[in-house]
1. Alpha carbon centre of segment 1-67 versus segment 77-135: separation in Å?
2. Give the label of the value calculated from the structure for mean projected area of the Cα convex hull in nm², choosing from (1) 14.3; (2) 12.1; (3) 17.0.
3. Name the GluC sites (Glu not before Pro) in segment 28-99 that are in a loop by DSSP and that have at most 16 other C-beta atoms within 10 Å, would you?
4. With a 1.4 Å probe and every protein chain kept in, tell me what percent of the accessible surface of the chain is carbon plus sulfur.
5. How much accessible area per residue does the chain have, in Å², with a 1.4 Å probe?
6. About the Cα centre, and with charges only on the beta carbon of Lys, Arg (+1) and Asp, Glu (-1), how big is the dipole of the chain? Nearest 20 debye, please.
7. Can you give the Rg to Rh ratio of segment 1-50, both from alpha-carbon atoms, with Rh computed by the Kirkwood formula?
Amino acid sequence: EDSMMEIIDLESRITIHNVPTGAEPEGVALSPEGIIYVASEVADMVHVVDAAAGAVTDNIIVGTRPRRFVMTPDTDELWVSAELSSEIYIIDRKSNEVTDVLEFLPPGFRPEDVTPVGMALTRDGSIGLISLGRANHIAVIDAKNKETLAYVLVGRRAWSVALSSDETTAVVANGLSDDITLVDMETYRPLRSIPVGRVPHTVIIDD
């Protein structure tokens, strides 16, 4: 059964477009050019939507259960986390082609433990952070050559990761240990974990 994405005029609070998508649309991202990207968890696709027309213009096949997006500031890349195929898909936003597929494996874990969801990029697009879910780590990568710089042990079921505004600290939400972990971005080492409420999922930093 198809699902919908609604485009809403925020001033009038009226839905101006209902855009059919694949089932269970999860992640949504808006490009500076006004293109909307929607991840369908069931169809294993990224839908490319023209916001003005309210219509899907392309479908990009990715891995199993795509979840979240980040866009590089300087290389026109769209990164998509595919949770159940343990991959990050790199899409060229100009061609809508998949140009690379990244895989991660922290020491001591099995490939099926790696369930990436959340991602973050430094403002200059040089460093990427990937939360690896059941593998209880984040991966720190060189976003240009896609090489892994470090695996950082955090809490259980690392769902999402965000950067402080000065980019000195990463904050990771650990869904199964009910805490967040602060990571030093200079040394790529965990600083401390802070207990929070049950099953923390997403971190948004307002500093």
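The values are calculated or read from the model by the stated rules, or taken from the named source; none is laboratory data. Predicted model, so just to flag it, every value in this text is computed and none were measured. We place every Cβ from the backbone using ideal geometry, glycine too, and count neighbours over all the protein chains shown. Note: accessible area is taken over every heavy atom of the protein model, side chains too, but ligands, DNA and RNA are not part of it. Shrake-Rupley method; radii C 1.70, N 1.55, O 1.52, S 1.80 Å.
1. 20 Å
2. Recomputing mean projected area of the Cα convex hull in nm² here gives the entry labelled (2).
3. E33
4. Of the solvent-accessible surface of the chain, carbon and sulfur hold 49 percent.
5. Ligands and nucleic acids excluded, the figure is 50 Å² per residue.
6. Here the chain has a charge dipole of around 720 debye.
7. On the Cα set of segment 1-50, Rg over Rh gives 0.99.
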